[in-house]
Amino acid sequence: MKKALIALASALCLITAAIGALFVWEHQSKLALEAQVEDYLDACGTDPRSIDVHGRPYILSAMRDSADLSYVDLRLQAGTNNDQLLVHRLSQGRADRLSRFVTFDHPDGDVDPIERADGSFTEAAMINGDKVTFSADTADDRLQLFADGHRAGQIELDQDVTVKGAAVTDSGVVVELEYASPDCRAAE
């Protein structure tokens with residue numbers, strides 16, 4: 001009986017150690033992927049506020065040397081409340097695609113976003129009882145936001161982007177951008 005208890009205790013210790021090692025390996029893998037994204041951004045001259053790598057289990061992603069999707073919070077520019085770069089499939093220092101979501105502050109007044117039947121946001125909102133439609137355009141290294149054709153905000157850009165759309169949400173007016181090239185100088 002004593003030998004059985006010793007064997008059981010030994011087995012439990014080994015299992016506990018293996019599980020602990022697995023957690024440490026997962027955490028170290030996440031740190032390695034975040035460092036890979038940070039190196040990519042450093043080469044681009046981008047100074048992020050934070051990096052959040054997605055794609056669990058991190059161990060498998062790190063073994064493939066590939067960060068499938070990373071959310072990078074960028075420094076805010078005047079008139080914005082969120083600026084997030086999405087790095088898609090970063091492997092060996094190259095990204096497949098870069099997307100960016102810039103959230104401009106709501107205009108002054110009572111803002112009520114207009115939603116589609118499925119609950120998704122549109123490019124329009126009721127502001128102080130009037131319907132206002134938002135759009136965005138890029139010109140001269142700037143992203144410009146328009147409300148019914150009148151400029152409502154702008155930020156500086158460092159690379160060619162295409163505006164994919166705008167939507168008024170509860171947190172602001174979100175503009176989706178797609179970078180022409182995933183090479184460096186994505187954002188600063």
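The values are calculated or read from the model by the stated rules, or taken from the named source; none is laboratory data. In this text, all values refer to a predicted model and were calculated from it rather than measured experimentally. As a convention, Cβ positions derive from the backbone with ideal geometry for all residues, glycine included, and neighbour counts pool all protein chains shown. Please note that ligands, DNA and RNA were not included when accessible areas were found on the heavy atoms of the full protein model with its side chains. Shrake-Rupley method; radii C 1.70, N 1.55, O 1.52, S 1.80 Å.
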Subject >> Probe 1.4 Å, protein heavy atoms only - accessible area per residue of the chain in square angstrom >> reply: 57 Å²
Original post:
Which whole-number percentage describes the relative contact order of the chain, with Cα contacts under 8 Å and a sequence gap of 6 or more?
Top reply: 18 percent
Original post:
What part of the accessible area of the stretch 20-85, given as a whole %, is carbon or sulfur when the probe is 1.4 angstrom?
Top reply: 57 percent
Original post:
Per Stokes-Einstein, at 4 °C and 1.567 mPa s, what whole-number D in µm² s⁻¹ belongs to the stretch 27-94, with the Kirkwood radius over Cα pairs as the hydrodynamic radius?
Top reply: 106 µm²/s
Original post:
Using the Karplus equation 6.51 cos²θ - 1.76 cosθ + 1.60 (θ = phi - 60°), what ³J(HN,Hα) coupling, rounded to whole Hz, does each residue of the stretch 127-144 give in order, writing x for Gly and Pro?
Top reply: 10, 6, x, 10, 7, 10, 10, 9, 8, 9, 8, 10, 7, 6, 6, 9, 9, 10
**OP:** Let me have the relative contact order for the stretch 100-188, percent, based on Cα pairs under 8 Å that are six or more residues apart.
**Re:** 30 percent
Original post:
If amide H atoms are built 1.01 Å from N in the plane of the peptide, which residues on other chains or at least 5 residues away come under 5 Å of the amide H of Leu74?
Top reply: Arg49, Asp83, Gln84, Leu85
Subject >> Separation of the Ala18 and Arg75 label points, Cα + 7 Å toward Cβ, nm >> reply: 4.9 nm
**OP:** Work through the residues other than Arg97 whose Cβ is under 9 Å from its Cβ and net out their charges, Lys, Arg +1 and Asp, Glu -1.
**Re:** -1
**OP:** Would you kindly state how much longer the chain becomes between Asp170 and Arg116 on full extension, computed as 0.36 nm times their sequence separation minus their alpha carbon distance, in nm to one decimal?
**Re:** 18.0 nm
